[in-house]
Amino acid sequence: MNAAPSDPRSDRDLLETLSELRWNRFHTVVVLLFGLGWALDAFEVTLIGNVLGALRQHFGLGAYAMSFILAAWFAGLMLGASGFGLLSDRFGRRRVFLASLVLYGVATLATAFAPDFASLIALRLIAGIGVGAEYSAINAAIAELMPRKSRGRASALVLNFWPVGSFVAAMLAWLVLSALPPDIGWRVVFGLGGMIALSAAWFRRYLPESPRWLIAAGRGDEARAVIAGIEAGLTDIRPAMVAPLHHRVRREAGQFATLVRDYPGRLALGALLDFAEASGYYGLFAFLPIVVLPALDLPADRLPVFYLVGSVGALIGGFAAAFLLDRLGRSVTVAGFYLATAAGLVGFAAITGMGAGAIMVGFALVNLLATGSWIAAYPTFSELFPTPLRSTGIGASVAIGRIGAAMSPFLVGYVGARSMQAALIMLAGFWTLGAIAILIWRWGGGVEARGLGLELIDGVVQNG
């Protein structure tokens, strides 16, 4: 599509048009293609949990060595989210959300051929960087492309592809590990995951750059072309995206320094919500292979069944969050899910002595609440950052959150070796922290963004 310099609308009019558009085929395709990538990210994250038992047998690993696999992954997420968040704000969303899938697809495919434990750790780190890049670019792009009245629901629907990917990963791992020897099965699973990710990157090339980012970068004619294509319901607006790398958003100060100086409240909220959910969510998933599997003496091929059941619960929780965000509002939905997750973990602790069946049911219920929590949280803090700093803000929040994610498996392993119940109550504390953060934000005068255009949100929250 060519630029449309004859369009008389000002930049402000263009942004208002983008916010007020009716939902059309373009928006549906964006949700599906972003969601497909998010499902593959979930596939990758869940995959490592499903094959940890096989990896433990193959490499002769103890509980702490398995924690290092998870920690390398979370360190990669932290590096990818923070580093690629900066790049996404400087050079555009599209370059990053294409590169992220390629990077992690190649690393995942290479994991299938890892000759030793050190190589496995290095490749998990690289794959984590690719997924971390997804966190910042995808959440920024989906917020900036959707109409204001359905922004929360659309963002949550994209994120809800996560439990779909988790379910597919658990199913694939279960089938492959049951049919093949463990030494071969885990390699096949990683190889399939890498090839699927690279295939998804090919389809994502049809998605356009964010018009809001283009306007911030001074590329108004390209933004007009993209918005005209969105209005027409087109699903291939790629020619408008071709531009030299030197076209970027310019700013006088460092992006992160600007966030800290001008938007400390928004950054603190995003960091606390992400720290709470990442510590609690990934700690919950580390609980099964690190604590439950050894305690119950379950074979490695039984673990995917737990994840299959948990993924069903997660899907229900994600759809509930998508339904509630644009109806009850951001603050009520996030606080309600975080508090319910904390209470659910306390209840889960009370039934851990009832055997594998009770643990499976408890895990599914807690996963339902935990998934609803983080799916509600991401759209909530993503839309609070101004467009020139949105990916940086998301990336910084996620990076801080990954500190908790990297720490949590070690804490779960240490505490859980002494008491399953104590490990779960510790995780409940993380979710309580997130609930307190969103309540302080709202009671302290923080904006409720439901139904507001992104530019209006930026004007409402002047004091960070």
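The values are calculated or read from the model by the stated rules, or taken from the named source; none is laboratory data. Remember, predicted model here, so these are calculated numbers, not experimental data. Here the Cβ is made from the backbone with ideal geometry for all residues, glycine too, and neighbour counts use every protein chain on show. Accessible surface areas use protein heavy atoms only, side chains included; no ligands, DNA or RNA. Shrake-Rupley method; radii C 1.70, N 1.55, O 1.52, S 1.80 Å.
For the range 312-347, the candidate set comprises residues that are of a type in the set (D, E, K, R) and either over 19 Å from residue 383 (Cα atoms) or not in a helix (DSSP H, G or I) (or both); within that set, the residue that is least open to solvent (accessible area, probe 1.4 Å) is 326. Restricted to the range 437-456, and to residues there that are of a type in the set (D, E, K, R) and in a loop (DSSP other than H, G, I, E, B), the residue that is farthest from residue 275 (Cα to Cα) is 450. Contact annotation: residue pairs with Cβ atoms under 7 Å, 6 or more positions apart or on different chains, pairing a residue in the range 57-72 that is β-branched (Val, Ile, Thr) with a partner that is open to solvent by 20 Å² or more (accessible area, probe 1.4 Å) and at pLDDT 70 or above, are 69/121. Residue 394 meets the conditions (1) outside any helix (DSSP H, G or I); (2) within 17 Å of the chain's Cα centre (by Cα) in every case but one. The failed one is (1). Note on the range 97-111: residues that are open to solvent by 10 Å² or more (accessible area, probe 1.4 Å) and in contact (Cβ under 8 Å) with a residue 40 or more places away in the chain amount to 5. Considering (1) of a type outside the set (A, V, I, L, M, F, W, C); (2) open to solvent by less than 40 Å² (accessible area, probe 1.4 Å); (3) at pLDDT 85 or above; (4) assigned to a helix (DSSP H, G or I), the lone condition that residue 209 does not fulfil carries the number (4).
Before we move on, is residue 173 within 19 Å of the chain's Cα centre (by Cα), part of a helix (DSSP H, G or I), at pLDDT below 80 and over 30 Å from residue 20 (Cα atoms)?
Numbers: within 19 Å of the chain's Cα centre (by Cα): no; part of a helix (DSSP H, G or I): yes; at pLDDT below 80: yes; over 30 Å from residue 20 (Cα atoms): yes.
Against the criterion (within 19 Å of the chain's Cα centre (by Cα), part of a helix (DSSP H, G or I), at pLDDT below 80 and over 30 Å from residue 20 (Cα atoms)), residue 173 does not qualify.
Given the condition under 15 Å from residue 284 (Cβ atoms), among the β-branched types (Val, Ile, Thr) and out of contact with any strand residue (DSSP E or B) (no Cβ under 8 Å at 6 or more places or on another chain), answer yes or no: does some residue in the range 320-334 qualify? No: zero hits. Do the conditions hold for residue 16, that is, is it modelled with pLDDT of 85 or more and either open to solvent by less than 30 Å² (accessible area, probe 1.4 Å) or over 22 Å from residue 196 (Cα atoms) (or both)? So residue 16 fits the description; yes. Within the bounds of the range 159-174, is there any residue that is among the aromatic types (Phe, Trp, Tyr) and open to solvent by less than 40 Å² (accessible area, probe 1.4 Å)? Yes: one or more hits. Is it fair to say residue 373 is open to solvent by less than 30 Å² (accessible area, probe 1.4 Å), at pLDDT 90 or above, in a helix (DSSP H, G or I) and over 18 Å from residue 276 (Cβ atoms)? No; evaluated as a whole, the condition is false for this residue.
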